[in-house]
Amino acid sequence: MHSYTSQVTWQRGEQAFLDNRYSRKHIVRFDGGVEIPASSSPQVVREPMSDPAAVDPEELFVASLSSCHMLWFLSIAAERGFRVDTYIDNAEGVMQKAASGKWAMSLVTLRPMVSFSGQQLPTREEHEQMHHLAHDECYIANSVRTEVRCEPLLAVAREAE
C-alpha cells in the first residue's frame, strides 16, 4: 500500500462569507513542497469569486489522468527500446449531468502526440499498442468511473541518429 497526501488551504479573511460571494481561491500544497494556486472553475462559479488564472479541480482531474498515462507510456516505450524525444498531450475533459442528475466528469479524451528518434522506431500498430497498455496500467484511469479515451496522433519520427 502507498499513501499520497496534499493539503488544501482556504481562508475567509475579511469576506462576509454568508452572502455566498466569497472568493474560491485557495492553495494546494503537495507532499514534495510544490504549491499551486487553485480556485473553482469560472464555468461553475463566476468571476470574481473564481480565479480563471488558477487551476481548478476539473483541470487537475484531467491532468492527473494525462500525467499517469504519459508516465506509463514512457516506461513501456523505454522497455521496448523506443527512444521518446517529446510527448505532448492536449487532454480534454467533458462534464455533464449524469443519469442521477448530478454533474460529473463523463469523458476524458487524451490526445498524445509522441516524437521518437533513434535506430528503432515504432510502427503505428506498436505505437497504439503501447498507448493501450499504458491505459490499462494507469492507476488513475483504473480508479475512476469516467470513460477515458486515448486518441494518439500518428507518431512523428525523426531520422535515425
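The values are calculated or read from the model by the stated rules, or taken from the named source; none is laboratory data. Values in this document were obtained by computation on a predicted structure and should not be read as measured data. In this analysis, Cβ positions are derived from the backbone assuming ideal geometry, glycine residues included, and neighbour counts consider all displayed protein chains.
Looking across the stretch 24-53, the residues that are modelled with pLDDT of 90 or more, among the small types (Gly, Ala, Ser) and over 18 Å from the mean Cα position of the chain (by Cα) come down to GLY33, SER50. Among the residues of the stretch 86-103, those identified as out of contact with any Leu (no Cβ under 8 Å at 6 or more places or on another chain) and surrounded by 13 or more Cβ atoms within 10 Å (Cβ to Cβ) are GLU92, MET95. Whenever a residue of the stretch 108-123 is more than 17 Å from GLU79 (Cβ to Cβ), its partners that are of a type in the set (Ser, Thr, Tyr) and assigned to a loop (DSSP other than H, G, I, E, B), lying with C-beta atoms within less than 9 angstrom and at least six residues away or across chains, give the pairs VAL108/THR146.
Just checking, which of GLU92, GLU151 is closer than 30 Å to VAL44 by Cβ and free of Cβ contacts under 8 Å to residues at least 40 places away in the same chain?
Unique residue meeting the criteria: GLU92.
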